[in-house]
Amino acid sequence: MKNKLISQLPYQDPFLFVDTIEDVSEDFIKGSYTFKASSWFYKGHFKDHPITPGVILTECAAQIGLASLGLFIFSQDKNSDLGKIRLAMTSTNIEFLKPVFPDEKVIIEAEKIYFRFNKLKSSVKMFNSNGDLILRGDIAGVILI
């Protein structure tokens, strides 16, 4: 089921920021991604000292903590056709605490705050491999069928 979730996401390289889904339930998800040094967004951000842009970190957190969790919730309904689901982020409130460097692995954990009227809101946290908190906040989106 975990690999199927990743394959059902509406993203592909170079904009897929999910390597693994380690744990998932209707209320929680945990996944990871390693930011490759060869990624397009490092060129010029910042000159001679690249870090991962905040918008990319937010996207990574949303792909795991919102899109993947939302697909899992919908997959629990046996009548759902995951291929017809469309996702749209509607709001974020993210606090950035530490930078993420090229070739760094991040772990995202998200808890469902609510899911109603096809709108999902999650509380997300991103950690580095040392367990340091990188970002935290809330992300919401709508799931269209």
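The values are calculated or read from the model by the stated rules, or taken from the named source; none is laboratory data. As the structure is a prediction and not an experimental result, all values here were calculated from the model. Note: ideal-geometry Cβ built from the backbone for every residue, glycine included; neighbour counts use all protein chains shown. Ligands, DNA and RNA are stripped out before the accessible areas are found, and what is left, the full protein with its side chains, is counted by its heavy atoms. Shrake-Rupley method; radii C 1.70, N 1.55, O 1.52, S 1.80 Å.
So here's what we get for this one:
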| read-out | value |
| --- | --- |
| Accessible surface, per residue, of the chain when the full set of protein chains is kept, probe 1.4 Å, Å² | 54 Å² |
| Convex hull volume per residue for the chain, taking Cα atoms only, in Å³ | 101 Å³ |
| Max mean-square fluctuation residue, GNM over the chain, Cα-Cα springs under 10 Å, options S68, S123, S25 | S25 |
| Electrostatic dipole magnitude of the stretch 2-144 [Cβ: Lys, Arg +1; Asp, Glu -1; Cα centre; debye, to 20] | 340 debye |
| Trypsin sites (Lys or Arg not before Pro) lying in DSSP loop within the stretch 25-100, provided at most 13 other Cβ fall within 10 Å | K36, K43, K47, K78 |
| Radius 11 Å from Cβ of I29, net charge of other residues (Lys, Arg +1; Asp, Glu -1) | -3 |
| Net charge, K2 excluded, C-beta distance under 9 Å - Lys, Arg +1, Asp, Glu -1 | -1 |
| Hydrodynamic radius of the stretch 1-60 per Kirkwood, over alpha carbon pairs, in Å | 13.0 Å |
| Ordering of 105-113, 9-17 by burial proxy (mean other Cβ atoms within 10 Å per residue, highest first) | 105-113, 9-17 |
| Distance cut-off 18 Å, percentage of C-alpha pairs in the stretch 59-138 lying past it | 44 percent |
| Most mobile of V24, V100, V55 in a GNM of the chain (Cα contacts under 10 Å) | V55 |
| Whole-percent carbon and sulfur share, accessible surface of the chain, 1.4 Å | 50 percent |
